[in-house]
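Novice: Okay, here's the structure, questions in a sec.
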There are 2 protein chains.
Amino acid sequence: MNSQSRLNRSKSILPILDWLPKYRRELLGGDINAGIIVTIVLIPQAMAYAMLAGLPPQIGLYSCVLPITLYAVFGSSRTLAVGPVGLVSLIVGSTIIEMDLLGQQQALAVAVTLACMSGVLLLLMRILRLGSVINFISHPVLSGFTSAAAVLIILSQLKHLLGLETPRTVHLPEAFTNITAHLSEINLTTAILGVSSIGVMLFLRSDYLRKLGELKLSTRALDIISRTGPLIIVSSGIIIVWWLALDKNANVNIVGAIPAGLPSLSIPSIDIALVRELFPTAFIIATVGYLESVSVAKALATQKRQKIDADQELLAHGVSNLGASISGGFPTAGGFGRSMVNYDSGANTPMASIITAILMSVALLFLTPLFYFLPHSILAAIIIVSVSALIDYRAFKHAWLYDKADALALLVTFIMVLTLGVEVGILTGACLSIGIYLHRSSKPHVAVIGRVGNSEHFRNIDRFEVKTCQHVIAMRIDENLYFSNTNFLEDTIINLIAENQQARHLVIVCSSVNMIDASALEALDTIVDRLRHAGVTVHLAEIKGPVMDRLKNSPFLQRLQPGQVFLSTHEAMKRLGCS
Amino acid sequence: MNSQSRLNRSKSILPILDWLPKYRRELLGGDINAGIIVTIVLIPQAMAYAMLAGLPPQIGLYSCVLPITLYAVFGSSRTLAVGPVGLVSLIVGSTIIEMDLLGQQQALAVAVTLACMSGVLLLLMRILRLGSVINFISHPVLSGFTSAAAVLIILSQLKHLLGLETPRTVHLPEAFTNITAHLSEINLTTAILGVSSIGVMLFLRSDYLRKLGELKLSTRALDIISRTGPLIIVSSGIIIVWWLALDKNANVNIVGAIPAGLPSLSIPSIDIALVRELFPTAFIIATVGYLESVSVAKALATQKRQKIDADQELLAHGVSNLGASISGGFPTAGGFGRSMVNYDSGANTPMASIITAILMSVALLFLTPLFYFLPHSILAAIIIVSVSALIDYRAFKHAWLYDKADALALLVTFIMVLTLGVEVGILTGACLSIGIYLHRSSKPHVAVIGRVGNSEHFRNIDRFEVKTCQHVIAMRIDENLYFSNTNFLEDTIINLIAENQQARHLVIVCSSVNMIDASALEALDTIVDRLRHAGVTVHLAEIKGPVMDRLKNSPFLQRLQPGQVFLSTHEAMKRLGCS
């Protein structure tokens, strides 16, 4: 390998080698601006998502230093902002609840193990080139899952928002009864702090402010104000609680002491029994986190005509999660809202993320005492506002209009996630999508075709006025031939021949067949053989290049004889005496 | 509903109403002949398969009266011979072993419950129109399963063949060590009876006899002799054991007393806990039994240009299994060998099966004492000879030549069935087939196409000398667009646009797209939107009729504007100024 190709190889594994040497000073302004704004958004979010996952607030902050830095080195996206995200935090949290762990220490071990396992799984997917596993989750299923997860997240935060002392749960009916049963025990001061925070954030995002803006402020200033909503409510919340000593006078739950200092790095000690138990969860975290990250990265890249390398993203998120694990954090991914903030604030390169990571370290070293009086209800308000955007009512309506079966998959996933939990829900949904697809392609569109006038064109005899012959049947199959439809294929052909007792030739037109698998090949072989006994010769026409290449590797074409392979239907019909 | 359509409806649910009124006397000869020969084959087979399933011999005989009669009434095949079959008996047997049941009574309860459950499952599949579930098992997986099951069956019979007293097992390594460890305890008389029976049956089927036949006997007489092999060895075995009192003198295991009389009919008492435990097994029995039956029925029907109605077969086998259950039998299916015998012996209609059922009743009423001295080793010999035909070495070779991934699925299923049992094996295999298909269609063939000379034809720019324009890219996708390849689609298009910075229009050519699901529609929508921000307009061309019909139900075509839908690629390129 010469030095040039070695360099290119390094660049493709370490994209930082590509952008850093070319870094120009004029890019720095945007990157610094974005780095600062993302940090402001990230600090409260990271603590809030740690609370959602059932972990102490500093764990959320720990998950922001090394993972962000590693993604900046390995990631193929220029503007993706990684860190704790809602869906993944929910899954971590519900696992911790369901495992019925005794103490904080065990919960931390589960979180670190999950980060390590999802990192390893992503790297394995990269090495084994199995990244396409993520493709098995269809959009409607993902949409049902996301909406249901958002509902669960909001429900799980209501107790913090209202200051209730109910047990944690991940099941909708239980969460519901818990809250209604304890509604009288509401902590009014906590609830006012939480609900008014939601009000402030919604106001800052609303069109009201925009209308105000038309009078005095520039759009850019407005954008910055709406983004700093969490900062405003966090700082005013801290000041109010501290000033009025609400933690003592009104029993408002506060974050309390956060240990200062950077996370200490250590190889996590992994318990094999725990690994086995957590395997399905880790797999779902890896898949869901990667899916969210890649779709956000793609959305941002396309706007600037940049590339996203899906394989490189597996590597980057794998390394990033391992980084979270060794720095005592929980699984991370690329978040939608935060990445949009990064992009909109002018991030040009991953340098913005490196600046965010540095600022997060500064915060961990010096600013943690500031958060002592931060009330839980304000963190809950931040989570609720940020995940409420994930509830997508219209997805069901759109799916229903276009495709009832897909809409059904969405609805079933939504209901299953709410009632039986995230894992069962998403697995059921994925199986359902696959089942629907296989079922649908198991009964493909098949048309008996005939000649249009005296032309060389052939069309469906049921839709067009066409000419046919009694002794030759031409049949077009509009689907790949594979195991799911071999039975249908056999049935259709048997019935076709039974209905046309004069037929002596059958031409199977493969213009829409992109693949013939081993099952279908065997079925074709059987059909050829059986029809031979029934006095009918089978021919093929319009086979595509790649399909033909494979057929040549099998004895099928010999066994087809005296049946032939024709380039066009026209040629087949002419040669078989039907012109 | 008028009386004519009511009659047609009845005929489609009860095919006997179609063939019986038209029954002509000249059909009777063939039917009687076939009925007698099938009975001769069936009696020893039914007892042997009951032994394989770990049940008393009469249970096998019970499973031949009502199920056969019911299939004759409801079945759409004219010549399928139902009854106990090897694969299903093996699954019943291995379930009974694995459940570690204490007595015969419990084993019987499991068998009857399985028959009832698979009957109900088949009827449910009929009602819910879910017959296509069986399509999810690909041919290579089925082939791997069948071969491995045959190996397991043969291994399970070796102890009976050689007169060993080893515990029953369904796992290959255990069965192997059991036999080798006890090989010294072989019962020589039993082994000689068994092995010589295999020799006689193989000789009667061999070409040797055929060569002899060229000298003296007609082919027809030879066919009958080869088919009566089991009858010959059973009767001579009984006579030898009785004459020499081998059961007492040489400790040869014999069938012993079989209770005479027809099975008493009763609604099986079903235990809910047992039903839940047996659910996966019952599902596999229903699926595998139905698969075998339908493929045999199709093979026979095609030769006479008769029809097979897959939905009606669900009903017929469902009813037939319920019949087995209420007459105290175990699950049944259409057997390959026996149906071939039925067909070759001249069966014209299901009347042949009705005759078989009557003769089986006669045997149960009067002939059971005759089988008292029948040695187990001869039953084992019959099973071994009949299932050895199921081991298909060439299937792997064929699959390997044509498609390495399918061959791998076959091999994995084979190994999993042998080592982990039939259920885990076939489920793994089915998941593997589905995974392979989804993986394959997740990275479809995509070609950027250009104009061939001045023609209206467009071809892959990598394979042909074609003309292109800088500002218009035409891309053909050779696959259905669905959730498994939406990510690939997005990636491909992002990269294509990133590589062609001058492009202003993208034409997606859908001539090979037979389906666009909701995920793919959403992905297309996202692509259109993102490319609009990047200054590229997306157009579609050559959309198929059924795909277009669905697209019209969605807001996509409006959102595509100013992008257009063109009938042909030629038209698209001309209108976009690239001609």
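Novice: Filter the range B:224-252 for residues that are in a loop (DSSP other than H, G, I, E, B) and buried (at least 16 other Cβ atoms within 10 Å of the Cβ) and give the result. Reasoning before the result, please.
Specialist: Taking the range B:224-252 first, the residues in a loop (DSSP other than H, G, I, E, B) are B:228, B:245, B:250-252.
The answer is B:Thr228, B:Ala250, B:Val252.
Novice: Pick from the range B:487-525 the residues that are of a type in the set (Ser, Thr, Tyr) and within 7 Å of another protein chain (Cβ to nearest Cβ): which of them is surrounded by the fewest Cβ atoms within 10 Å (Cβ to Cβ)? Break it down stepwise before answering.
Specialist: Keep residues of the range B:487-525 that are of a type in the set (Ser, Thr, Tyr), which gives B:492, B:511-512, B:519.
Subsequent filtering for residues that are within 7 Å of another protein chain (Cβ to nearest Cβ) retains B:512, B:519.
Values: B:Ser512: 21, B:Ser519: 30.
Top of the filtered list is B:Ser512.
Novice: Could you pull out every one of the helices (runs of 4 or more DSSP H) wholly within the range A:66-156 that has 2 or more residues that are at pLDDT below 90 and closer than 30 Å to A:Ile37 by Cα? Reasoning before the result, please.
Specialist: Numbers: elements: A:66-74, A:86-98, A:104-127.
Output list reads A:86-98.
Novice: Quick check on my filter: what residues within the range A:263-289 are surrounded by 15 or more Cβ atoms within 10 Å (Cβ to Cβ) and in a loop (DSSP other than H, G, I, E, B)?
Specialist: A:Pro263, A:Pro268 - these are the residues of the range A:263-289 that are surrounded by 15 or more Cβ atoms within 10 Å (Cβ to Cβ) and in a loop (DSSP other than H, G, I, E, B).
Novice: Return the pair list, or none, for Cβ contacts closer than 8 Å from residues in the range A:285-303 that are under 17 Å from A:Val85 (Cα atoms) and within 10 Å of another protein chain (Cβ to nearest Cβ) to residues that are at pLDDT below 85 and part of a helix (DSSP H, G or I), at least 6 apart or on different chains.
Specialist: Within 8 Å, the pairs are A:Leu291/A:Ile134; A:Leu291/A:Leu142; A:Val294/A:Ile134; A:Val294/A:Ala310; A:Val294/B:Asn487.
Novice: Looking at A:Ser89, A:Ser76, which one is surrounded by fewer than 24 Cβ atoms within 10 Å (Cβ to Cβ), out of contact with any Cys (no Cβ under 9 Å at 6 or more places or on another chain) and touching a residue at least 60 places away in the same chain (Cβ under 8 Å)?
Specialist: Numbers: A:Ser89 fails: surrounded by fewer than 24 Cβ atoms within 10 Å (Cβ to Cβ).
Just a single option satisfies the conditions, and that option is A:Ser76.
Novice: Of (1) buried (at least 21 other Cβ atoms within 10 Å of the Cβ); (2) more than 14 Å from every other protein chain (Cβ to nearest Cβ), B:Met99 satisfies all except one. Which?
Specialist: The number of the failed condition is (1).
Novice: Here's something else I'd like to know. Take the residues of the range A:307-352 that are touching a Lys or Arg at 6+ places or on another chain (Cβ under 6 Å) and not in a helix (DSSP H, G or I): which is farthest from the other protein chains (Cβ to nearest Cβ)?
Specialist: Across the range A:307-352, the extreme among qualifying residues is A:Thr349.
Novice: A further question follows. Tell me which residues, restricted to the range A:234-276, are of a type in the set (D, E, K, R) and touching a helix residue (DSSP H, G or I) at 6+ places or on another chain (Cβ under 9 Å). Can you show your working first?
Specialist: Let us first name the residues in the range A:234-276 that are of a type in the set (D, E, K, R), namely A:247-248, A:271, A:276.
Correct list: A:Asp247, A:Asp271.
Novice: Something else now. Looking at the range B:439-468, I want the residues that are more than 14 Å from every other protein chain (Cβ to nearest Cβ) and closer than 15 Å to B:Val507 by Cα and have a partner that is in a strand (DSSP E or B) and of a type in the set (S, T, N, Q) with Cβ atoms under 8 Å, at least 6 apart or on another chain. Which pairs are those?
Specialist: Here the result reads B:Val448/B:Asn460, each pair linking the range B:439-468 to a residue that is in a strand (DSSP E or B) and of a type in the set (S, T, N, Q).
Novice: Of all residues in the range B:534-561 being more than 13 Å from chain A (Cβ to nearest Cβ) and within 20 Å of B:Gln470 (Cβ to Cβ), which is surrounded by the fewest Cβ atoms within 10 Å (Cβ to Cβ)?
Specialist: B:Thr537
Novice: If a residue has to be under 19 Å from A:Gly83 (Cβ atoms) and either free of Cβ contacts under 8 Å to residues at least 12 places away in the same chain or surrounded by fewer than 16 Cβ atoms within 10 Å (Cβ to Cβ) (or both) to count, how many in the range A:15-43 make the cut?
Specialist: The qualifying residues number 1.
Novice: Does any residue of the range A:372-392 turn out to be without any contact (Cβ under 8 Å) to a residue 12 or more places away in the chain, within 12 Å of chain B (Cβ to nearest Cβ) and surrounded by fewer than 19 Cβ atoms within 10 Å (Cβ to Cβ)?
Specialist: As a first pass, look at the range A:372-392 and keep what is without any contact (Cβ under 8 Å) to a residue 12 or more places away in the chain: none.
No.
The values are calculated or read from the model by the stated rules, or taken from the named source; none is laboratory data. As the structure is a prediction and not an experimental result, all values here were calculated from the model. We place every Cβ from the backbone using ideal geometry, glycine too, and count neighbours over all the protein chains shown.
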